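Data block below; observations after.
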Amino acid sequence: MTRAWTADEITYQFLVRDCGYDPKRFLFILNQADKIEPCREWDSQQQQPSIQQWQHLALKRQAVMKTFSPHHPVMALSAKEGYQLHSFVETMIQALPAQATSLTFTQLKSPYRTETVKQQVQQDFSHCVNTTVDTLINQLPLPIDLKTAFIRVKDYLVSAVVSLWRWLF
């Protein structure tokens, strides 16, 4: 255990092992990538690290991977410089539970509402609606004929609700 990450590792292990959180839901982010040494070498015009900074970030990523064994790639970003923010948003949307992506999408600034993110969120919404309708059909005390009818029209019903997504979110 590295001293610098002791508290992080203890917290992560507690959440995963003792609280039962899914390790696939965690993202490991190296924030303030623009401040990694040699910090004066940050390429402000290209909004990216210098070669030496990139090498230092790669070493940090490897250390995090070794320490935590994350499911998702370890990302380096700089909010101040706008470095890797689009990739971060896409990865975050993938890591969120399907039920959380539509509401999260509404909170994103428009530059981060990329087509990739939008498609993932709509797919998650469709999955949630489909699961909810299946649950309702199976749990409601309906006559078998009515359940059968609902099963036959379920895809149309789900499609209709999903088509409303852009007005709902």
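Taking other residues whose beta carbon is less than 14 angstrom from the beta carbon of Asp8, and scoring Lys, Arg as +1 and Asp, Glu as -1, yields +2.
Note on the stretch 42-169: dipole from Cβ charges, positive end direction compared against Gln119, Leu140, Leu85; the farthest Cα belongs to Leu85. Between Thr106, Thr148, Thr114, where does the largest GNM mean-square fluctuation fall for the chain, given springs only between Cα atoms within less than 10 Å? Fluctuation is largest for Thr148.
Please build a GNM for the chain, connecting alpha carbons under 10 Å apart, and tell me which residue among Val153, Val133, Val89 fluctuates the most. Result: Val153 has the largest fluctuation of those listed.
Where nothing but the Cβ of Lys and Arg (+1) and of Asp and Glu (-1) is charged, how large is the charge dipole of the chain around its Cα centre, in debye to the nearest 20?
The calculated dipole for the chain is roughly 60 debye.
Comparing the chain with the 2.2 N^0.38 Å rule of thumb, its C-alpha radius of gyration ratio is 1.39 (two decimals). Rounded to the nearest 10 degrees, the angle from helix 51-68 to the longest Cα principal axis of the chain is 60 degrees. Could you work out how far helix 144-163 tilts from the main Cα principal axis of the chain, as a 0 to 90 degree angle to the nearest 10? Between helix and principal axis, roughly 40 degrees. For the chain, the longest principal axis of the C-alpha atoms and the axis of helix 98-107 are separated by about 60°.
Estimated from helices alone, the mean residue ellipticity of the chain at 222 nm is -18000 deg cm²/dmol (sum of -39500 (n - 2.57) over DSSP H runs with n ≥ 4, per residue). Taking 14 Å as the straight-line reach from the Cα of Lys109, the aspartates and glutamates in range (excluding those fewer than 8 positions away in the same chain) are Glu90. Please report the carbon-and-sulfur percent of the accessible area for the stretch 70-150; probe 1.4 Å, protein heavy atoms only, DNA, RNA and ligands left out. So the carbon and sulfur contribution to the accessible surface is 55 percent.
The values are calculated or read from the model by the stated rules, or taken from the named source; none is laboratory data. Everything quoted here is computed from the prediction, not taken from an experiment. Positions of Cβ are backbone-derived with ideal geometry, glycine not excepted, and every protein chain shown enters the neighbour counts. Please note that ligands, DNA and RNA were not included when accessible areas were found on the heavy atoms of the full protein model with its side chains. Shrake-Rupley method; radii C 1.70, N 1.55, O 1.52, S 1.80 Å.
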